[in-house]
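> Handing you this structure, nothing more for now.
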Amino acid sequence: MITFKGVHKWFKSLHVLNDINLHVSPGEVLVVCGPSGSGKSTLIRTINQLEPINQGTLIVDGMDLSDKKTDINKLRAEVGFVFQQFNLYPHLSVIGNITLAPIKIRNIPKKEAEEQAMELLTRVGLAEKRDAYPLQLSGGQQQRVAIARGLAMKPRIMLFDEPTSALDPEMIGEVLEVMKDLARSGMTMVVVTHEMGFAREVAHRVVFMDYGVILEEAPPEDFFLRPQHERAQQFLRQLLTPMQAG
Amino acid sequence: MLNYTFDWSIITSGQYFDWLVSGLITTLKLSAISIVMAFILGLVIAVMRMSHNKPVRWFAHIYLEFFRNTPLLVQIFFWYFGSYKILPTVINDWLNKTGFEFAAAAIALTIYTSAFIAEDIRSGVLSIPKEQMEAARSAGFSYLRSMQYIILPQAVRITIPPLVNQFLNLAKNSSLAMTIGVMEMTYQARQVESYTFKGFEAFTAATVVYLVLSIVITAMVNLYNEKVLNIHKAA
Ligand SMILES: Nc1ncnc2c1ncn2[C@@H]1O[C@H](COP(=O)(O)OP(=O)(O)O)[C@@H](O)[C@H]1O
Ligand SMILES: [Mg+2]
């Protein structure tokens, strides 16, 4: 579904992704973790080419991102992206946020798009908020709407970049529940997160990054109980103390 | 001047009243057409100014600098006296039929004001967080579609106070069209004055018209905010 082969990326002289080799199979849930600045966001953003890669091969859903002929907008329509800061469209209502892309990109009739949106809103537990505006919602609600917005395009892959890091602690659970449901439904997911509960419950694999390098790649139970790399051990120790790693 | 006797009846009925009303209608038409066209053109120029394509960006840049920094009166004269030399004959014929003065004034007002509007919209766009563009692009919208559906609607909301200002300026600037013989409000007020010597009354009428026009434009934009853009909800 997603294949990185020898992928490199630089920001000027900063080597943010250093020889990334990674494969995500259909239906797999991959969790990416690592210290702040290690390149997690950059990695996940290359998958829908919010960040272009400089070297190597990256194939997503059969499309080669290093090939100039690849229709990048088509690829992005197949890949949902959920941001740390939600990034809902503030000028549109909840239902407007969810139906905009299906109506304008997929040319689905408005009525049909709204019916589908209501199904998604019910799934994330926000049916009664259909006409609210994003800024009237709590952070947790906004993020659930953002997930519904991503799902409305019927994506083959969903990407999450620290979806709960900007939330008040009491709202993290409601968002993780929605994501766990999605994982159990068989969606292919790449999730940058430090929520170890989520990783333990639904992740098939955990990847640990530092300085742009994948240092460790293991099933969650192995990663959490027997981290091999010294940096990973240190990172996990920090996660368990109140001083959270970025 | 001390012996001046006011006579409002001259302008409230009869022939001179009709002149002023026809002037009012011309001013309204000229302003309305130019406002709509200037807004659309301003949007287009603003997007071109931010394009990733260098020649497009530079064209917009030169357009902006040129039309903002030459006097409107000169631009009106340019379109009136000079344009038939550079425009194709078809267009000239059509312009002559539809009233060349009016068209020249409308073109000048549109282009001049579009340059200011484009700059206002551009600063509005720059104030929208870049994450909005990212969200739109990651949903699969092209750059232009992202602008159309996500960025510009938000930017225009922010830009509304300066836009209203540009619309008001345009309505007031439309009085310059009298210099090329467009029989708009100010032109007719002067006509009435030269026939009746009742300049005070005639220009008071014109002043009131511009004032009411300003109030109406402001009210219409406010209404648009509330009804169409849902500003009160999204705020
Ligand atoms: N657009 C950019 N331009 C320059 N440097 C960047 C940019 N985005 C990220 N970086 C840098 O790249 C490194 C990796 O960033 P990021 O992928 O956001 O890490 P993470 O998500 O793991 O915190 C950091 O040092 C960051 O400062
Ligand atoms: Mg990050």
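The values are calculated or read from the model by the stated rules, or taken from the named source; none is laboratory data. Treat the numbers as computed from the prediction; the structure is a model and nothing was measured. For neighbour counting, all protein chains shown are included, and Cβ atoms are generated from backbone atoms with ideal geometry for every residue, glycine included. What goes into the accessible areas is simple: the full protein's heavy atoms, side chains included, and nothing from ligands, DNA or RNA. Shrake-Rupley method; radii C 1.70, N 1.55, O 1.52, S 1.80 Å.
> Would you grab the residues whose amide H sits under 5 Å from the one on A:THR188? Only those 5+ places off in sequence or on another chain, please, with H modelled 1.01 Å from N.
The answer is A:GLY27, A:MET158.
> Can I ask one more? In nm, give the distance between the simple-model label positions of B:ILE158 and A:ASP71, each being 7 Å from the Cα along the Cα-to-Cβ direction.
Modelled inter-label distance: 3.3 nm.
> Given the -39500 (n - 2.57) contribution per DSSP H run of 4+ residues, what per-residue ellipticity at 222 nm results for chain A, rounded to the nearest 500 deg cm²/dmol? Intermediate values should be presented prior to the final figure.
Values: 9 runs with 93 residues, N = 246.
Helices in chain A give a 222 nm mean residue ellipticity of -11000 deg cm²/dmol.
> What residues of the stretch A:58-74 lie in the reach of a label at B:SER142, counting those whose backbone N is under 12 Å from a point 7 Å from the Cα along Cα→Cβ?
The answer is A:72-74.
> Still on this structure: Using heavy-atom solvent-accessible surface (probe 1.4 Å) with all chains present, what is the largest-first order of A:LEU43, B:LEU41?
Details: A:LEU43 5, B:LEU41 55 Å².
Sorted by accessible area, descending: B:LEU41, A:LEU43.
> Separate question: If you take the square roots of the eigenvalues of the alpha-carbon gyration tensor of chain A and sort them as a ≥ b ≥ c, do you get rounded (a/c under 1.5), prolate (a/b over b/c) or oblate? Walk me through the intermediate numbers first.
Numbers: a/c = 1.95, a/b = 1.32, b/c = 1.48.
Cα axes put chain A in the oblate bin.
> Here's another thing I want to ask about it. For the protein assembly as shown, just say rounded, prolate or oblate: build the C-alpha gyration tensor, square-root its eigenvalues into a ≥ b ≥ c, call rounded for a/c under 1.5, and beyond that prolate if a/b exceeds b/c, oblate if not.
prolate
> A further question follows. Ignoring ligands, DNA and RNA, how much accessible area is buried between chains B and A, both sides summed, with a 1.4 Å probe, to the nearest 100 Å²? Mind dumping the intermediate values first?
Working: alone 13120 and 11630 Å², together 22900 Å².
Roughly 1800 Å² of accessible surface disappears when B and A pair.
> Amide H to amide H under 5 Å from A:SER66: which residues, 5+ apart in sequence or cross-chain, H placed 1.01 Å off N in plane?
Residues meeting the criterion, in which the H sits 1.01 Å from N, are A:LEU58.
> Please label the shape of the stretch B:24-184 as rounded, prolate or oblate, based on the square roots a ≥ b ≥ c of the eigenvalues of the alpha-carbon gyration tensor (a/c under 1.5 means rounded; beyond that, a/b larger than b/c means prolate, else oblate). It would help to have the intermediate numbers written out before the result.
Details: a/c = 2.41, a/b = 1.87, b/c = 1.29.
Because a/c hits 1.5 or more and a/b exceeds b/c, the stretch B:24-184 counts as prolate.
> Let me ask something additional. Kindly write out, for the stretch A:155-171 in residue order, the coupling ³J(HN,Hα) from the Karplus curve 6.51 cos²θ - 1.76 cosθ + 1.60 (θ = phi - 60°), rounded to whole Hz, with x marking Gly and Pro.
x, 8, 9, 10, 10, 10, 10, 6, x, 10, 5, 9, 9, 5, x, 6, 9
> Would you mind getting me the FRET efficiency between A:SER36 and A:HIS15? Use the beta-carbon distance for r and R0 = 22 Å, nearest 0.05. Can you show the working numbers first?
On the way: r = 17 Å, r/R0 = 0.76.
The pair A:SER36/A:HIS15 has a calculated efficiency of 0.85.
> Counting only heavy atoms of the protein chains, get the accessible area per residue of the stretch B:113-154 (1.4 Å probe) and round it to a whole Å² value. Spell out each step's value before the answer.
Working: 1470 Å² over 42 residues.
Accessible area per residue: 35 Å².
> As an exercise, use a Förster radius of 25 Å and the Cβ-Cβ distance of B:PHE66 and B:ILE86 to find the FRET efficiency, rounded to the nearest 0.05.
Working: r = 15 Å, r/R0 = 0.60.
Given R0 = 25 Å and the Cβ-Cβ separation, E is 0.95.
> Threshold 20 Å², probe 1.4 Å: give the residues of the stretch B:152-174, in number order, that are less accessible with all protein chains present than with their chain alone.
Residues passing the criterion (a loss of at least 20 Å², heavy atoms only) are B:GLN154, B:ARG157.
> Given the pairs A:LYS40/B:LYS130; A:LYS40/A:LYS154; A:LYS104/B:LYS29, which are separated by over 23 angstrom at their Cα positions?
A:LYS40/A:LYS154; A:LYS104/B:LYS29
> Could you state how much accessible area B:TYR112 has, in square angstrom rounded to the nearest 10, with a 1.4 Å probe and all protein chains kept in place?
Surface accessible to solvent at B:TYR112 totals approximately 40 Å².
> Let me ask something else about it. With θ taken as phi - 60° and the coefficients 6.51, -1.76 and 1.60, list the Karplus ³J(HN,Hα) couplings across the stretch A:128-143 in order, rounded to whole Hz; mark glycine and proline as x.
Along the stretch A:128-143, the couplings run 6, 9, 4, 9, 6, 9, x, 6, 8, 9, 6, x, x, 5, 4, 5 Hz.
> Residues of the stretch A:43-91 losing 20 Å² or more of accessible area relative to the isolated chain, 1.4 Å probe, heavy atoms only?
Residues meeting the cut-off: A:ARG45, A:LEU50, A:ASN73, A:ARG76, A:PHE83, A:ASN87, A:TYR89, A:PRO90, A:HIS91.
> Additional query: Leaving out ligands, DNA and RNA but keeping every protein chain, what accessible area does B:SER34 have, in Å² rounded to the nearest 10, with a 1.4 Å probe?
About 0 Å², rounded to the nearest 10.
> By accessible area of protein heavy atoms, probe 1.4 Å, what ranking do B:VAL212, B:VAL156 get, highest first?
Working: B:VAL212 75, B:VAL156 20 Å².
Sorted descending by solvent-accessible area, the residues read B:VAL212, B:VAL156.
> Between B:LYS29 and A:GLU119, what is the spin-label point distance in nm, taking each point 7 Å from the Cα along the Cα→C-beta axis?
My value for the distance between the label points is 5.4 nm.
> When the accessible area of the protein assembly as shown is computed with all protein chains present and a 1.4 Å probe, what percentage of it is carbon and sulfur? Kindly include the intermediate steps, with their values, before the conclusion.
Numbers: 13660 of 22900 Å².
Ligands and nucleic acids excluded, carbon and sulfur reach 60 percent.
> Output the relative contact order of the stretch A:197-246, whole-number percent, from Cα pairs under 8 angstrom with separation of 6+ residues. Kindly include the intermediate steps, with their values, before the conclusion.
Working: 42 pairs, mean separation 12.2, N = 50.
For the stretch A:197-246, the relative contact order is 24 percent.
> Which lysines have a Cα less than 18 Å from the Cα of B:LYS85, not counting those fewer than 8 places away in the same chain?
B:LYS97
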